[in-house]
Amino acid sequence: MKNALITLLSDQVVPSTSFIATLAQKEDFIFIITTQKMKEKQKIVNLSDSLHGAYSINEIIIENEDSISEISTHLDAIKWQDFDTVYIDLTLGTKLMALAVHAYFRRFDELYAKPQVHFYYQPVGKNCIRKIDATDLVHPRLLSLNDYLTANGISVINKQNECIAGKEVTKIIMQQYPEYWTDAGKLFRRLRNAKKPKLSTEKAISLLDLDKDSILLSNGSQWRPLPEELDLIYKFCTIAQFSLECITKRHIDYLSGGWLEEWFYNKVIETMPDLVPSQVALNLHIRTATAAENELDVALVNSRNAFRYAECKTSLESDESGASLLIEILYKQAAIRKNFGLTSSALLVTVDKITKSSSLGRARDLDLKIIDHDILYNEYDLRRELVAHLA
C-alpha cells in the first residue's frame, strides 16, 4: 500500500504534529501545504523536529494563499493516482486554502479507482481527529512535553531532574509556612540575591559563618543578620533537613521559595497519576522562537494534549519596597502564554491571600487562573481546581 498524508500548516503546528504522529506509517509520503511566510517562520522545521525527523516531508509552498488556482496548479504537479489512500487534515491554514484543497480532492472517489481520499478536522480543545462527513473519530497519539514545545518552536535549555527535598518534608513546610516560616523565606531570598557570599551549585557555604562577615546585598548595602534572624534561618534550614554547614545555591533556592514549586509539582502528580515523566517537568528553562528565555515552575501536557503551566510564588510583594507584584506577574504570564498555542492555560499559585476584586478581575480578563491561600489550604477545593484547570 502506498499512502500519502496531507496537512495544511500555519502558526499552530501542534495539530499537524498530532495528525502525522497518529496516522502516518514510516513509509508514508508526507505533504505539507503552507505559505512562504510560514516556511520563513520555520514552521516546517518545527514540525519535522517535533516528529524527530522520522518522516520525509514534501513541501508545497503557496505564494498567494488566496489563489485557488495556484493551489490547484501545485496539486496537479503530483501524480496522486499512484497512491492507494490519501489522508488530508484541513485543520490549519486559511479557510480559503482548506476549501481549495477540499474542492480539489472531494471528487476523486467518483472519478478515479484510486486513491481513496479521507478528510479530517481537529476541533480546538476536543483532542480528537474527526473524519469529515462521518462519525468516525481517531484519538490522537499522546504528545510528550518536549514534542509539544518543539512544535511551537520552543527549545528546552534545562530542567530540574529531581526534587531537592523529600515529598513529606515539602508537605510539612507547606503546612507550617504561613504561621512560622514566611519571614524565614524573606531572609533566604535576601541571601539568594546577595552579591556576597557568591552562591553556586558546586561551592557550599556554612550558614554558621553568617555572623562573622557582613553580607553584601544586591543594592550594595551591608547586612549582618541579627541573632533572631540567624535563629530563624537555622530553624528553617533544619526543618528542610539540610546541613547548616554545607549549603549550596540549590538549597538556598529551595528555601527561598522553590519548596512551593516542588510541593505543587508533587500535588500535580498526585492529582493526575496517569502522567508519565515525559509529560511533566519541574523548573523548566526554555528558549522561545524569538530567543527569549523563560522559566516555568511546573509545566505539563495533559492526557488531552493540552499545555498547562504554573508560576509559583510564596509572596506577591516586593521584599524591598513592599509593593504588590501581582499585576506585573499576571501580564508577564499572559505574554509568555502566547508562545504555547491555543490549548495552553496558565496558573498562578501563591500562599498569599488575594482579596482585591480588581486584581481578580484582571486575572479573569487575561484568562489566568489564580490558586491562592484559601484554595491551597482546602484539600477539597484544591483538588477540584486542579482537575478543572489542569486535566
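The values are calculated or read from the model by the stated rules, or taken from the named source; none is laboratory data. All figures in this text were calculated on a predicted structure; none of them were measured in a lab. With ideal geometry, Cβ positions are generated from the backbone for all residues, glycine too; neighbour counts draw on all protein chains shown.
Here are some notes:
- A residue that is touching a Pro at 6+ places or on another chain (Cβ under 7 Å) and of a type outside the set (Lys, Arg) cannot be found anywhere in the range 165-176.
- Wholly within the range 1-100, helices (runs of 4 or more DSSP H) carrying at least 2 residues that are under 28 Å from Leu145 (Cβ atoms), not basic (Lys, Arg) and not assigned by TED's automatic domain parsing to the domain that holds Gly341: 14-23, 36-40, 43-50
- Residue tally, condition in contact (Cβ under 8 Å) with a residue 12 or more places away in the chain and out of contact with any Pro (no Cβ under 9 Å at 6 or more places or on another chain), over the range 205-219: 6
- All told, Thr135 falls short of being loosely packed, with under 12 Cβ neighbours inside 10 Å, modelled with pLDDT of 95 or more and out of contact with any strand residue (DSSP E or B) (no Cβ under 7 Å at 6 or more places or on another chain).
- Helices (runs of 4 or more DSSP H) wholly inside the range 284-391 containing at least 3 residues that are surrounded by 14 or more Cβ atoms within 10 Å (Cβ to Cβ) and either aliphatic (A, V, I, L, M) or under 13 Å from the mean Cα position of the chain (by Cα) (or both): 326-337, 379-390
- Verdict on Glu70 being among the charged types (D, E, K, R), surrounded by fewer than 14 Cβ atoms within 10 Å (Cβ to Cβ) and more than 22 Å from Val13 (Cβ to Cβ): no
- Top-ranked residue in the range 8-41 [being of a type in the set (S, T, N, Q) and closer than 20 Å to Ser344 by Cβ; ranked as farthest from the chain's Cα centre (by Cα)]: Ser10
- One residue stands out in the range 206-247 among those that are in a helix (DSSP H, G or I) and within 34 Å of the chain's Cα centre (by Cα): the one that is farthest from Gln175 (Cα to Cα), namely Ile233.
- Some residue of the range 255-268 being in the same structural domain as His389 (by TED's automatic domain parsing), among the aliphatic types (A, V, I, L, M) and touching a Cys at 6+ places or on another chain (Cβ under 7 Å): yes
- Condition met for Ile205 (in contact with a strand residue (DSSP E or B) (Cβ under 6 Å, 6 or more places away or on another chain) and modelled with pLDDT of 95 or more): no
- Screening the range 73-86 for residues that are in contact with a helix residue (DSSP H, G or I) (Cβ under 9 Å, 6 or more places away or on another chain) and of a type outside the set (Asp, Glu) and picking the one that is surrounded by the most Cβ atoms within 10 Å (Cβ to Cβ) gives Val86.
So that you can scan it fast, the table gives a plain yes or no per residue for (1) of a type in the set (Asp, Glu); (2) modelled with pLDDT of 95 or more; (3) on the phi > 0 side of the Ramachandran plot:
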{"position": "Ile32", "(1), (2), (3)": "no, yes, no"}
{"position": "Met38", "(1), (2), (3)": "no, yes, no"}
{"position": "Asn46", "(1), (2), (3)": "no, yes, no"}
{"position": "Glu65", "(1), (2), (3)": "yes, no, no"}
{"position": "Asp76", "(1), (2), (3)": "yes, yes, no"}
{"position": "Thr91", "(1), (2), (3)": "no, yes, no"}
{"position": "Lys95", "(1), (2), (3)": "no, no, no"}
{"position": "Phe105", "(1), (2), (3)": "no, yes, no"}
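- Residue list for the range 103-127, restricted to those being under 18 Å from Ile6 (Cα atoms) and surrounded by 15 or more Cβ atoms within 10 Å (Cβ to Cβ): Tyr104, Phe105, Phe108, Lys114, Pro115, Val117, His118, Phe119, Tyr120, Tyr121, Gln122
- Candidates are the residues of the range 185-204 that are closer than 10 Å to Ser256 by Cβ and in contact (Cβ under 8 Å) with a residue 40 or more places away in the chain; the one that is surrounded by the most Cβ atoms within 10 Å (Cβ to Cβ) is Phe188.
- Leading residue by the ranking (surrounded by the fewest Cβ atoms within 10 Å (Cβ to Cβ)) among those in the range 247-259 that are in contact with a helix residue (DSSP H, G or I) (Cβ under 9 Å, 6 or more places away or on another chain) and free of Cβ contacts under 8 Å to residues at least 60 places away in the same chain: Lys249
- Condition check for Leu143: modelled with pLDDT under 95 and hydrophobic (A, V, I, L, M, F, W, C): no
- Checklist (1) within 27 Å of the chain's Cα centre (by Cα); (2) touching a residue at least 60 places away in the same chain (Cβ under 8 Å) applied to Ala54, failing item: (2)
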